[in-house]
């Protein structure tokens, strides 16, 4: 199952809205005779990718991190080819949250021995985006920040390049590839003129203040949420958006992203938008550099409210800590959303 997860990760950022799936087939002596994974949306599922590499009767056990599909979609049902190839045992990491899928019953009815729930937590984490899309019919929202030890993303004069090291920034590029789109604000575009290289970009620009010659507009499909106009100019899509208390409605933005087929988004911006987005965030990537500004007017990574009691904090679980010398990356999930 670990091998299935490893295979599945090779397609990160390429399978949306489908899940990440890897498959391993062994013979009766537990030797691996074929592997496969779902390489890209619209292409063969992992099971079919692996099974097409063997002859009927060669495989004994098939391992897959997600329940095989039993319905026609872009490709035929995986259960059918599992049965056709004479597989005797199927080991599954997790059940598919999609109610259309009922592969286990179909396999059992064909006389195949099925075991499910192997490394289930790891398999669910691998496909956390897919699970939210199916269960909640919503876009998965993540926030990425890069701060000093005192939680600052820029000095009081606006200097921010570079807080973290090249090693950390290389990891950011990898994280971006996992998401359908990245999101930022007009404030960040105007202050930093970032490229934010990605195939899809979301810009929140209520008053349409950003210069369309800015670097961020030079590549990718771009969606600009604003209060003034709808329309399309080249690869730039303007989406008229409701405004509440002088701010773009994030409720509208995330609902619209799901309607547009954008199943996941990574937010990279300043403290104001980060803070407002916490209510919707499913995950936080926080890079921390071993630096202290000591600047009490410097910009913070989450800067959007005042509280009087520490009990009013929003609580998070640190899921992992990784080192990108000399920096660290904390990956966190919300325990509650009292933002």
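Taking Cα centroids, how far is the range 240-287 from the range 1-15 in Å? If you average the Cα positions of each part, the centres end up 27 Å apart.
Given the -39500 (n - 2.57) contribution per DSSP H run of 4+ residues, what per-residue ellipticity at 222 nm results for the chain, rounded to the nearest 500 deg cm²/dmol? Walk me through the numbers on the way to the answer.
Numbers: 10 runs with 79 residues, N = 339.
The helix contribution divided over the chain gives -6000 deg cm²/dmol.
Test of understanding: in a Gaussian network model of the chain with alpha carbons linked when under 10 Å, which of 138, 40, 218 would top the mean-square fluctuation ranking? Of 138, 40, 218, the Gaussian network model singles out 218 as fluctuating most. Using 0.36 nm per residue and subtracting the Cα-Cα separation, the extra length available between residue 173 and residue 209 on full extension is 10.3 nm.
Taking only Cα atoms and a 10 Å spring cutoff, compute GNM fluctuations for the chain and point out the largest among 280, 37, 173. Evaluated over the chain, the most mobile residue of the options is 173.
What order do you get for 21, 100, 189 when you list them from fewest to most C-beta neighbours inside 10 Å? Walk me through the intermediate numbers first.
On the way: 21 31, 100 10, 189 23.
Fewest to most other Cβ atoms nearby, the residues stand as 100, 189, 21.
The slack in the chain from residue 232 to residue 245, taken as 0.36 nm per residue of separation less the alpha-carbon distance, amounts to 2.0 nm. Under 8 Å for C-alpha pairs, at least 6 residues apart: give me the relative contact order for the range 1-56, rounded to a whole percent. The normalised contact order for the range 1-56 reaches 30 percent. Quick check: from the Cα gyration tensor, does the range 76-167 come out rounded (a/c under 1.5), prolate or oblate? Taking the square roots of the gyration eigenvalues as a ≥ b ≥ c, the range 76-167 is prolate.
Residues 195, 161, ranked from the fewest to the most other C-beta atoms within 10 Å, line up as 161, 195. Between the Cα long axis of helix 250-259 and the first principal axis of the chain there is an angle of about 30°, rounded to the nearest 10.
The angle between the Cα long axis of helix 166-177 and the longest principal axis of the Cα atoms of the chain comes to about 60 degrees, rounded to the nearest 10. When both the range 32-68 and the range 80-128 are represented by their alpha-carbon centers, they are found 12 Å apart.
Hey, fewest Cβ within 10 Å first, where do 316, 41 land in order?
On the way: 316 18, 41 12.
Ordered by Cβ neighbours within 10 Å, fewest first: 41, 316.
What is the range 2-133 by shape, rounded, prolate or oblate, if you read a ≥ b ≥ c off the alpha carbon gyration tensor as root eigenvalues and call it rounded for a/c under 1.5, prolate for a/b larger than b/c, and oblate otherwise?
Values: a/c = 1.44, a/b = 1.35, b/c = 1.07.
Rounded shape, in that the Cα axes give a/c under 1.5.
With mean projected area of the Cα convex hull in nm² defined as stated, name the option among (1) 16.0; (2) 18.0; (3) 19.3 computed from the structure displayed. Only one listed value fits the structure, namely (3).
Relative contact order for the chain: 15 percent, from Cα pairs under 8 Å spaced at least 6 residues apart, divided by residue count. For the Cα trace of the range 184-339, dividing Rg by the Kirkwood Rh returns an Rg/Rh value of 0.97.
Net length available on complete extension from residue 322 to residue 296 is 6.5 nm, with 0.36 nm assigned per residue and the Cα-Cα distance removed.
Every number in this text was worked out from the coordinates using simple rules, so none of it is lab data. Since we're looking at a predicted model, the values are computed, not measured. Methodologically, a virtual Cβ is constructed for each residue, glycine included, from the backbone with ideal geometry; neighbour enumeration extends over all protein chains shown.
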